[in-house]
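The values are calculated or read from the model by the stated rules, or taken from the named source; none is laboratory data. None of the values given here were measured: they were computed from a predicted structure. Using ideal geometry, Cβ is built from the backbone for each residue, glycine included, and neighbour counts are taken over all protein chains shown.
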Amino acid sequence: MIKSLKKATWVYFLLLIFEGGLRKWVVPALSGPLLVVRDPVAIYMIFLAIRAGIFPKNLFNWSLLMLTILTFIFTFLAGHGNIIVAIYGLRIFVLHFPLIFIIGQVLDHDDMIKIGKAVLIINIMMTLLVAVQFYSPQTAWVNRGIGGEGDGSGFSGAGGFYRVPGTFSFTNGLSAFYSFTAPFIFYFWFSGKNQVPKYLLWASTLALLAAVPLSISRTVLFSIGITFIFSLFLVSQNKKTFGRMLGATIAVVLLFGILQQFTFFQTASSAFTDRFDSASESEGGAEGVISNRIIQYSLLSAFDWDIPPLGYGLGAGSNVGAQLLTGGTMVEFSESEWGRLTRESGMFLGLLFILTRIFLTLRLSSVAYKNFKRGNIMPWLILSFASVNIIQGPLSQPTTLGFIVLAGGFLIAGMDSNTKKVFA
């Protein structure tokens, strides 16, 4: 049973990476159904977990399940009443979120090393694809959109170049992938063990550096920066890691110097700089980003006391739900995750959703820190990506949901066997 769950985790992981490719290049006619291609895998994993007696019984999982069921009921009592939209919303905390705890229990440290190695390899191939997409016209086959659309899958960028999605359906998937990859690269630099070939680590580090300008994504840069800050904390608490940090820093400088010699990197860097400057200017600089984008948009927008007490209904805040209900997008509803939760479930239940996710993140952080103090740094580094996303990552977007599920599961899986029992 455990072996089957491990294999299913690999299937879930690979489908997350290549689901967009299936929708764009392989079977574009099935792009709609493939949006939920991981749902059957999630059902299968939950079935196996129940049979094996390891379905998560922790308070976080059951709290989210009960809140979801209540919102589902209220959807028909006072919300939109659309069963398809409600089921689409139901799947987030009923099918996918429990996988965080299931994956965490069935995978061990050796499994995480294998997955980390796979991430490093995929990272190299992904950046090569992104480079081709970046320099190809939007009409090229490699830039086909969902369903095989010929208008291109690129999104607004800068300097005459588009933000490309790699193997994913949209650019947010690519940003999440590189943000998800960074902790593994940092881990292999800091572990002090030859767990992966050095040439692979160097090549994947080079690919990650090249991906920052090629993706034209500030999210990628900021996420790598957060992982770097978590790494600095490692050094401040454990002097033995200083040498590894120094070695990794020298490696990054050398690789960056090599990349700067190539025209393709210079061009991409120029486009990235243009977008960074224009976006910062439109948002009012760093102060504007903090006050408008983070505080006002991401946090305070959730507190809208004009919404119905029981909310608009489960699934209404997703793009799929909004399309089915109104023919619009969730931007008209609320693009922020906290705003989605309070508008779908009502202010009271929505705040309980938010608080549960915050407390789960705090608990994960506490246990990850305990592992770090014992010399196990993997959970701490994965926490650099998982923490922000578990708190307020947009779970209504299937790709982001997948990365949050895997990050949370891998975070627990990387813990010592005794400490991970907290989340069983």
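When you go through Gly247, Gly225 one by one, which is the residue that is of a type in the set (Gly, Ala, Ser), at pLDDT below 75 and exposed (fewer than 15 other Cβ atoms within 10 Å of the Cβ)? On inspection, the qualifying residue turns out to be Gly247. Run down Ile69, Ile113, Ile103, Ile73 and say which single residue is assigned to a helix (DSSP H, G or I), more than 21 Å from Gly350 (Cβ to Cβ) and more than 18 Å from the chain's Cα centre (by Cα). Result: Ile113 is the single residue among Ile69, Ile113, Ile103, Ile73 that is assigned to a helix (DSSP H, G or I), more than 21 Å from Gly350 (Cβ to Cβ) and more than 18 Å from the chain's Cα centre (by Cα).
Met378 satisfies every condition listed in (1) in contact (Cβ under 8 Å) with a residue 12 or more places away in the chain; (2) surrounded by fewer than 23 Cβ atoms within 10 Å (Cβ to Cβ); (3) under 27 Å from Leu221 (Cβ atoms) except (2). Against the numbered list (1) over 30 Å from Phe186 (Cα atoms); (2) modelled with pLDDT of 95 or more, Lys117 comes up short only at (1). Screening region 270-368 for helices (runs of 4 or more DSSP H) wholly inside it with 2 or more residues that are at pLDDT below 70 returns the ranges 285-288.
Only a single criterion out of (1) closer than 24 Å to Gly145 by Cα; (2) loosely packed, with under 14 Cβ neighbours inside 10 Å is not satisfied by Arg51, namely (1). Every condition in (1) in a helix (DSSP H, G or I); (2) surrounded by 14 or more Cβ atoms within 10 Å (Cβ to Cβ); (3) at pLDDT below 95; (4) not hydrophobic (A, V, I, L, M, F, W, C) is met by His80 except one, and the failing one is (1).
Tally time: how many residues in region 12-31 are over 17 Å from the mean Cα position of the chain (by Cα) and without any contact (Cβ under 8 Å) to a residue 40 or more places away in the chain?
So the answer is 4.
Scanning region 35-67 for residues that are touching a Leu at 6+ places or on another chain (Cβ under 6 Å) and either over 15 Å from Ala8 (Cα atoms) or without any contact (Cβ under 8 Å) to a residue 40 or more places away in the chain (or both) yields a count of 3.
Results for (1) part of a helix (DSSP H, G or I); (2) closer than 24 Å to Met112 by Cβ, shown as yes or no for each residue.
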site: Ser169; (1), (2): no, no
site: Asn172; (1), (2): yes, no
site: Tyr178; (1), (2): yes, yes
site: Ile185; (1), (2): yes, yes
site: Val196; (1), (2): no, yes
site: Val212; (1), (2): yes, no
site: Phe222; (1), (2): yes, no
site: Phe228; (1), (2): yes, yes
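Working carefully through the options Phe348, Phe423, find the one that is free of Cβ contacts under 8 Å to residues at least 40 places away in the same chain and touching a Pro at 6+ places or on another chain (Cβ under 9 Å).
Phe348 is the lone residue from the list that is free of Cβ contacts under 8 Å to residues at least 40 places away in the same chain and touching a Pro at 6+ places or on another chain (Cβ under 9 Å).
When restricted to residues that are surrounded by fewer than 24 Cβ atoms within 10 Å (Cβ to Cβ) and either at positive phi or not in a helix (DSSP H, G or I) (or both), region 397-414 contains 1.
Could you check, for region 373-388, whether at least one of its residues is touching an Asp or Glu at 6+ places or on another chain (Cβ under 8 Å) and within 19 Å of Ile229 (Cα to Cα)? Spell out the reasoning first.
Going through region 373-388, the residues touching an Asp or Glu at 6+ places or on another chain (Cβ under 8 Å) turn out to be 374, 376.
Narrowing the set further to residues that are within 19 Å of Ile229 (Cα to Cα) leaves 376.
Checked against the condition, which is being touching an Asp or Glu at 6+ places or on another chain (Cβ under 8 Å) and within 19 Å of Ile229 (Cα to Cα), region 373-388 yields at least one hit.
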